[in-house]
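Asker: Mind looking over this structure? Questions follow.
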């Protein structure tokens, strides 16, 4: 089983996770820019973070045979902080980088006017840089958040078929599908979706344009949830081709819209800027 996790925050994970992911079949990931977990206090902190998504994380992933790409954005939660909004002016510097395959994650957290402005501005950046967009739907009041998201996308110049709407569930999938978006589902141990619910959605709506991710981060999450979904699909009678479509070909097709996706893992130097993933004598 080959797996492409289209939304995972490896900055928050250990090197052991890369090893376990490769053993489970993960061969590619996309890491979207997201909230640190505590307030960032200046745009300079984003510069270092974005640089790590383009340097250190691809280096770590390559040690375990995993192709690492990223999406770059000012995330919805921090769009409400005036100390962070100048990051919007820095984004063009990063959106031209080869390893950036989408603008994301953008969208809504609390559905504020500041989030409206940040979402609209970043959709236009996606158009200008010919990139697709990864959109975060809010964890509260999901149907209203989805409708507001779709309204803003429709007002932009970015076609809906270049938008991956993430964190969907049973209350939002049909409307997102009818709109023509790509459909993202995050599978978590306690919150969001689980394997059985994901299988039920696939039975009802089919595998077309469906992407399943772990969204693993610094909270209680599991970077192997994609594999568990694949196993659950097989146990429920889906074919190996169905599994390959959902866990590999669909994310390849979506992020391939960037014309920057490279799935071959290139050999790396022993160190990245003088540092290795090892400690001690190496």
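Asker: Would you mind calculating the gained length between residue 23 and residue 194 on full extension (0.36 nm times residue separation, minus the Cα-Cα distance), in nm to one decimal?
Answerer: Roughly 59.4 nm would be gained on extension.
Asker: While we're looking at this one, here's another question. What does the convex hull of the alpha-carbon atoms of the chain project to on average, in nm²?
Answerer: 14.0 nm²
Asker: Oh, and also: For the stretch 102-137, list residues with backbone N below 14 Å from a point placed 7 Å from the Cα of residue 161 toward its Cβ?
Answerer: none
Asker: Using helices alone, what [θ] at 222 nm do you get for the chain, with -39,500 (n - 2.57) per DSSP H run of 4 or more residues, divided over all residues and rounded to the nearest 500?
Answerer: Taking each H run of at least 4 residues, the total per residue is -11000 deg cm²/dmol.
Asker: Further, regarding this structure: Looking at the stretch 143-267, what % of its DSSP beta bridges pair antiparallel, to the nearest 5?
Answerer: The antiparallel proportion sits near 10 percent.
Asker: Something else now. Only counting other Cβ atoms within 10 Å, I'd like 115, 228, 174, 105 sorted with the fewest neighbours first.
Answerer: Lowest to highest Cβ neighbour count: 174, 228, 115, 105.
Asker: If I model a spin label at residue 141 and residue 89 as a point 7 Å from the Cα along the Cα→Cβ vector, what separation in nanometres do I get?
Answerer: 3.2 nm
Asker: How far apart, in nm, are the 7 Å Cα→Cβ label points at residue 36 and residue 169?
Answerer: Placing both labels 7 Å beyond Cα along the Cβ direction yields 3.0 nm.
Asker: Using alpha carbon centroids, what distance separates the stretch 34-92 and the stretch 175-216, in Å?
Answerer: So the separation of the two Cα centres works out to 25 Å.
Asker: Same structure, new question: If each of residue 80 and residue 205 carries a label point 7 Å out from its Cα toward its Cβ, how far apart are those two points in nm?
Answerer: 2.6 nm
Asker: Of 218, 182, how do they rank once you tally other Cβ atoms within 10 Å and put the fewest first?
Answerer: The order, fewest Cβ neighbours first, is 218, 182.
Asker: So for 72, 8, fewest C-beta neighbours within 10 Å to most, what's the order?
Answerer: Ordered from fewest to most neighbouring Cβ atoms within 10 Å, 72, 8 come out as 8, 72.
Taken together, the values in this text are just the output of simple stated rules run on the coordinates, not laboratory data. Keep in mind that what you see is a predicted model, and the values were worked out from it rather than measured. Glycine gets a Cβ as well: all are built from the backbone with ideal geometry, and neighbour counts include every protein chain shown.
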